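The values are calculated or read from the model by the stated rules, or taken from the named source; none is laboratory data. Just so it is clear, the model here is predicted, and its values are computed rather than measured. Glycine gets a Cβ as well: all are built from the backbone with ideal geometry, and neighbour counts include every protein chain shown. Protein only, heavy atoms only, side chains kept; ligands, DNA and RNA dropped before computing areas. Shrake-Rupley method; radii C 1.70, N 1.55, O 1.52, S 1.80 Å.
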Amino acid sequence: MPKSHPRLFASLLIFCLLACACSPISVTPTNLPTATATTDPATVAIAAGANTAPIPSYFVGFSIEPQTLCQFLTLEQSSPALDRFYQNLGPSIIRFGGTSMDSSSWQPDAACSGLTFGRSTLADVFAFAQRVHARVIWGLNLKANDPYIAADEANAALYAGSDQLLGLEMGNEPNDWTTESAYEQAWQSYASAIAAYNLAPGLVGPSMYDGEGHNWFARYVQRERSLLTFVTYHYYPLQQGAHADNGQDATIPNLLNPALMARTAADLDRVVTVAHANHLALVIDETNSVNGGGAVGVSDTFASALWVADYLFTAAEHGVLAVNIHGSGGATGGPSYSPIVADPTTHQLTARPLYYGMLLFHLATGEGQSAPLQTTVTSSANLAAHAVLDRDGTLRVALINKDVGANVRVRVILNTSGAVYSSGHAMQLLAPSVTSTTGVTLGGASVGANGNWSSAEQQSVAVTDSSFTITVAAASAVLVTLSPHG
């Protein structure tokens, strides 16, 4: 977080103390090789990096599409299990917004129905957020172009949420439906109407992606920075309808391709630089594997778990403050990229593979004391490595083998200064195959329908001469935790 960003720091400090949906496309799974008997060698060197701020405990959170909000609230009021699915990931930011928010209707006295929201909707949203120790980004309908109705809704959100309301977001991906000048004129009229209420929470925006010639992002942030609490951005690395030869087509090989993560890192560097140059932090408040609801056979498979674990670490290392994974929140019939989904008949909740990748990241960083370290990977396999160091000296190393055809025998060399390590333990993230949609385990256990999860098995790790060696199976991940000796 930039040192010159007092408004967000104060708001998130309170938080710590309290603490685009479309029909998904169907993709025929690509025939992928299975792991062979060959085990490839690899080396990962870990060294202290720059004086980087710890990754916030609320880094990984959820974004919930408004068209599923009423169903989501009905489910969470009848199923305590949903609370536990959220609590497993610790304190978080939950963003309520998406394409359907710009079709919503604010009717103060109305019950939640479809896309009609009222004061009772907000009361239920913030009651849920309080139970799961979350702060809320609440979206307002900008397409309606009615600043006074929006200001009334904003005032009701502040009344219902108080300190839990982290920010108000006006409009969703406006570069899809209007011009830059019209967008900023509408945005400013909303900001002025909301300011007339003397509301405490700041505004966040622009809630857009930046590409395809719509280069509004930098200009908007520079012009509106005095009114913003932080910058919000949307990111989907794979695209529905993309050409098969451009690396953005919705396939498992593309999702796991190291070139995709390199492109992601470069894209994030660009937008984080814009935010920081204007003394603001950047939150990716809507993101997932494939845009438009995801791709069946890609977004709902174990490949997504490996991708999201690598993605979250990458985003943290490149200066992003928090990431919100988009979906239905757990409502019945959610799109294929939703981390949590309810059975349409039994309403039983299921953690999709994506959720397990989020959970692995949280286990590595969730106390808010972990600063990223530098990692250098030498391997012919598709291996990603990330490391974080706690203030108490605890070291956690995530080894993500996105290679579907080879196990990797990894020697990890610890060049961190100060702490001495002699032993530790490892937790594996596994599934029957990279295309599996069920059967995922983390630490030998699956997340139950009641939301409960605890590690059932861990592997001992011995450190010798400041290094350890461990095998990471094809299409799997391992989280190694080392405590300082003495």
Over 10 Å intervals from 0, what percent of Cα-Cα pairs in region 316-365 sits in each interval? 25, 45, 24, 7, 0
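Please report, largest first and rounded to whole Å, the three semi-axes of the ellipsoid equivalent to the chain, where each semi-axis is the square root of five times an eigenvalue of the C-alpha gyration tensor. Walk me through the numbers on the way to the answer.
Numbers: eigenvalues 264, 115, 95 Å².
Over the Cα atoms of the chain, the semi-axes work out to 36, 24, 22 Å.
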Below 8 Å, C-alpha to C-alpha, sequence gap of six or more: please give me the relative contact order for region 95-143 in percent. 44 percent
Spatial separation of Cα centroids for region 414-486 and region 359-408, in angstrom: 10 Å
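Would you calculate the convex hull of the Cα atoms in region 240-336 and tell me its volume per residue in Å³? Please list the in-between numbers first.
Values: hull volume 10.1 nm³, N = 97.
So the per-residue hull volume is 104 Å³.
How large is the Kirkwood hydrodynamic radius of region 329-441, counting all unique pairs of alpha carbons, in Å? Walk me through the intermediate numbers first.
Details: mean 1/r = 0.0604 Å⁻¹.
For region 329-441, inverting the mean 1/r across all distinct Cα pairs yields 16.6 Å.
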Can you give the local net charge around D310? Use residues other than it whose beta-carbon is closer than 11 angstrom to its beta-carbon, Lys and Arg +1, Asp and Glu -1. 0
Ratio for region 280-319, C-alpha Rg to 2.2 N^0.38 Å, reads 1.31
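Taking a cut-off of 23 Å, what percent of all Cα-Cα pairs in region 96-251 are separated by more than that? Present the calculation step by step, with values, prior to reporting the outcome.
Working: 4721 of 12090 pairs.
The answer is 39 percent, as a whole percent.
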Stokes-Einstein D in µm²/s, Kirkwood radius over Cα pairs - region 62-109 at 25 °C with 0.890 mPa s viscosity: 202 µm²/s
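Could you estimate the translational diffusion coefficient of region 420-469 from the Stokes-Einstein equation, with Rh from the Kirkwood formula over C-alpha pairs, at 4 °C and 1.567 mPa s, in whole µm²/s? Display every interim value, and only then the final one.
On the way: Rh = 12.7 Å.
Value of D from the Cα-based Kirkwood radius: 102 µm²/s.
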Which shape class applies to region 352-416: rounded if a/c is under 1.5, otherwise prolate when a/b exceeds b/c and oblate if not, where a ≥ b ≥ c are the square roots of the Cα gyration tensor eigenvalues? oblate
Can you tell me how region 385-486 classifies by the Cα gyration tensor, rounded, prolate or oblate, using a/c under 1.5 as the rounded cut? oblate
Which translational diffusion coefficient, to the nearest whole µm²/s, is obtained for region 99-155 from the Stokes-Einstein equation, given a Kirkwood hydrodynamic radius over C-alpha pairs, 25 °C and 0.890 mPa s? 206 µm²/s
In Å², and per residue, what accessible area does the chain have when probed at 1.4 Å with the other protein chains present? 37 Å²
Once S483 and Y197 are pulled to full extension, the length gained, defined as 0.36 nm per residue separation minus their Cα-Cα distance, is 97.8 nm
